[in-house]
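Scroll down for the structure; my scribbles are underneath it.
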Amino acid sequence: MNGKFRSLWNLRRSGGDTQTTTRTLRSRIAAAVGAVVLAATAFTGAATGTAVARAEGGWSCSGAPVPDGWVITNYDRNGCRGAGAWYQQPVKDGIWTCSGSPIVSGYVITNYSRLGCNGIGAWYHQLARDGRWTCAGSPIPPGYVTTGYNRTGCEGIGAWFHQLVRNGIWTCPGSPIPPGYRSTTYSAGGCNGLGAWFTVRA
């Protein structure tokens, strides 16, 4: 017999106050039922507005939060009784994500598909590395600068070349200048005609 219910049984047998015993019993049963419902919700993902917390991923309704380190990789217009459903899964190097998905720190966007994610558009996520082309709008991780531009890259939205900063590197307009560096000489023809700045250690 459960220890909590045994103590209540003993209280009843010892002649304790019946009303007090009944109230205590009811409150403990209600708490136990609540715990069972909460556990069932966690296992089935039935809580409204929460993501399915599985290691490999799961579907969630529109508006559900995306856990840290996770991305949205698919979309079902008819999911969640017509409200729309999104498939969430942990980020990894080389994964297509839907438009509007979070971009996890340390990752950049390197490709774009207009028809991806059931027609709403999809972006290809990869880990940042030295010498990688990224789509316009991609984050630029700390320590990186943009050094080249391709107007037709990323399915026509434009692409930028990311490199780790170093002394004597040409950077495009709008490129971040990491701490400890400064821009000096300007070249109008640099960065595919956008202009470029010679960056050196401060």
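Per-residue answers, yes or no, for (1) on the phi < 0 side of the Ramachandran plot; (2) modelled with pLDDT under 95; (3) surrounded by 13 or more Cβ atoms within 10 Å (Cβ to Cβ); (4) not in a loop (DSSP other than H, G, I, E, B):
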site: TYR87; (1), (2), (3), (4): yes, no, yes, yes
site: TRP96; (1), (2), (3), (4): yes, no, yes, yes
site: GLY100; (1), (2), (3), (4): no, yes, yes, no
site: VAL108; (1), (2), (3), (4): yes, no, yes, yes
site: TRP133; (1), (2), (3), (4): yes, no, yes, yes
site: PRO142; (1), (2), (3), (4): yes, no, no, no
site: GLY148; (1), (2), (3), (4): yes, no, yes, yes
site: SER175; (1), (2), (3), (4): yes, no, yes, no
site: PRO178; (1), (2), (3), (4): yes, no, yes, no
Residues that are open to solvent by 30 Å² or more (accessible area, probe 1.4 Å) and part of a loop (DSSP other than H, G, I, E, B), drawn from region 110-127: ARG114, LEU115, ILE120
Filter result (in contact with an Asp or Glu (Cβ under 9 Å, 6 or more places away or on another chain) and under 19 Å from ALA128 (Cα atoms)) within region 58-104: PRO90, PRO102, VAL104
Selection count, region 54-79, where residues are surrounded by 15 or more Cβ atoms within 10 Å (Cβ to Cβ) and at pLDDT below 90: 1
Sole exception among (1) in contact (Cβ under 8 Å) with a residue 12 or more places away in the chain; (2) under 27 Å from TYR87 (Cβ atoms) for LEU115, by number: (1)
Residue that is most open to solvent (accessible area, probe 1.4 Å), among those in region 150-173 that are closer than 22 Å to ALA188 by Cβ and touching a residue at least 40 places away in the same chain (Cβ under 8 Å): ARG151
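The values are calculated or read from the model by the stated rules, or taken from the named source; none is laboratory data. Remember, predicted model here, so these are calculated numbers, not experimental data. Neighbour counts are summed over all protein chains in view; Cβ atoms, including those assigned to glycine, are modelled from backbone coordinates with ideal geometry. Ligands, DNA and RNA are stripped out before the accessible areas are found, and what is left, the full protein with its side chains, is counted by its heavy atoms. Shrake-Rupley method; radii C 1.70, N 1.55, O 1.52, S 1.80 Å.
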